[in-house]
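The values are calculated or read from the model by the stated rules, or taken from the named source; none is laboratory data. Please read all numbers here as calculations on a predicted model, not as lab measurements. Methodologically, a virtual Cβ is constructed for each residue, glycine included, from the backbone with ideal geometry; neighbour enumeration extends over all protein chains shown. The accessibility values were calculated without ligands, DNA or RNA, using every heavy atom of the protein model including side chains. Shrake-Rupley method; radii C 1.70, N 1.55, O 1.52, S 1.80 Å.
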Amino acid sequence: MNAKTIIPNGFSIRRIQLSDFEDVKIVLAGLTAVGPITLSTYENILNYWDSLKLMTIPGEYVYNTYVVIDKNTNSVAAIGTIFVEQKIIHDGGLVGHIEDIAVNSDYRGQKLGKLIIDYLSEQGEKLGCYKVILDCDVKNVGFYEKCNYNQAGIEMQTRFN
Ligand code: ACO
């Protein structure tokens with residue numbers, strides 16, 4: 001893995017919090033339809049995420065959603081999640097799943113997408129994952145290759161809605 005991720009001047013990274021609600025809806029709308037989520041539901045989700053801890057490292061979370069903050073505006077410029085799966089195989093190994101990556105359209109092309117992927121990957125390694133995986137559209141393959149991810153396997157799905 002690379003050296004510690006360098007956070008560019010003017011930005012910071014932290015765990016998602018309640019006050020990010022409006023910004024998070026805007027940023028994630030650049031990924032998919034967010035739907036009419038209420039503040040109360042959002043709060044319940046954050047509380048649920050905070051309640052789930054890894055079996056392997058005391059105090060560490062299963063759900064790790066981070067936001068990149070523009071320190072000038074105190075707004076969310078990018079978001080991403082690494083969910084840590086506890087397996088039985090691989091001697092009770094952990095797999096990190098990167099999900100729901102989005103950079104606010106005003107901030108694209110400034111390496112913040114790569115920043116959040118580097119940071120999440122680093123968290124996955126720190127938490128003991130033996131690998132980190134993700135699914136993406138064909139149009140984003142080049143982006144993930146720039147982030148040191150390689151194509152492996154084919155995504156399959158069955159949808160219910
Ligand atoms: N295809 C090929 N290369 C790309 C692409 C792409 N779609 N997007 C960026 N790159 C390249 C850049 O040119 C740059 O290359 P360089 O280092 O040679 O200059 C490198 O990848 C890093 O680019 P960033 O500036 O970090 O990319 P950005 O901050 O614009 O974020 C992202 C990219 C996250 C795909 C952004 O465009 C976005 O939010 N898109 C909409 C939501 C989305 O599709 N999210 C990914 C869903 S997949 C998932 O969640 C697991």
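Per-structure values
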quantity: Count of residues meeting criterion [in a helix (DSSP H, G or I) and touching a residue at least 24 places away in the same chain (Cβ under 8 Å)] in the range 118-161; calculated: 11
quantity: Filter result (within 12 Å of the ligand (Cβ to nearest atom), open to solvent by 30 Å² or more (accessible area, probe 1.4 Å) and out of contact with any Ser or Thr (no Cβ under 9 Å at 6 or more places or on another chain)) within the range 113-140; calculated: Lys114, Ile133, Leu134, Asp135, Cys136, Asp137, Val138, Lys139, Asn140
quantity: Test: residue in the range 4-12 that is open to solvent by 80 Å² or more (accessible area, probe 1.4 Å) and without any contact (Cβ under 8 Å) to a residue 40 or more places away in the chain; calculated: yes
quantity: Residues (of a type outside the set (Ser, Thr, Tyr), in a strand (DSSP E or B) and away from the ligand (no atom under 16 Å from the Cβ)) located in the range 58-88; calculated: Gln86
quantity: Test: residue in the range 47-57 that is at pLDDT 95 or above, open to solvent by less than 70 Å² (accessible area, probe 1.4 Å), within 15 Å of the ligand (Cβ to nearest atom) and of a type outside the set (Asp, Glu); calculated: no
quantity: Some residue of the range 34-44 being open to solvent by less than 50 Å² (accessible area, probe 1.4 Å), modelled with pLDDT of 95 or more and of a type in the set (Phe, Trp, Tyr); calculated: yes
quantity: Conditions (1) under 21 Å from Tyr107 (Cα atoms); (2) open to solvent by 50 Å² or more (accessible area, probe 1.4 Å); (3) not in a loop (DSSP other than H, G, I, E, B): number failed by Asp91; calculated: (1)
quantity: Only listed residue being more than 9 Å from the ligand (Cβ to nearest atom) and either at pLDDT 95 or above or β-branched (Val, Ile, Thr) (or both), chosen from Asp100, Asp91; calculated: Asp91
quantity: Conditions (1) among the hydroxyl-bearing types (Ser, Thr, Tyr); (2) within 12 Å of the ligand (Cβ to nearest atom); (3) part of a strand (DSSP E or B); number of the one not met by Thr32; calculated: (3)
quantity: Whichever residue in the range 103-112 is in contact with a Gly (Cβ under 7 Å, 6 or more places away or on another chain) and open to solvent by less than 40 Å² (accessible area, probe 1.4 Å) and, among such residues, is farthest from the ligand (Cβ to nearest atom); calculated: Asn104
quantity: Test: Lys146 is within 8 Å of the ligand (Cβ to nearest atom) and either open to solvent by 30 Å² or more (accessible area, probe 1.4 Å) or among the hydroxyl-bearing types (Ser, Thr, Tyr) (or both); calculated: yes
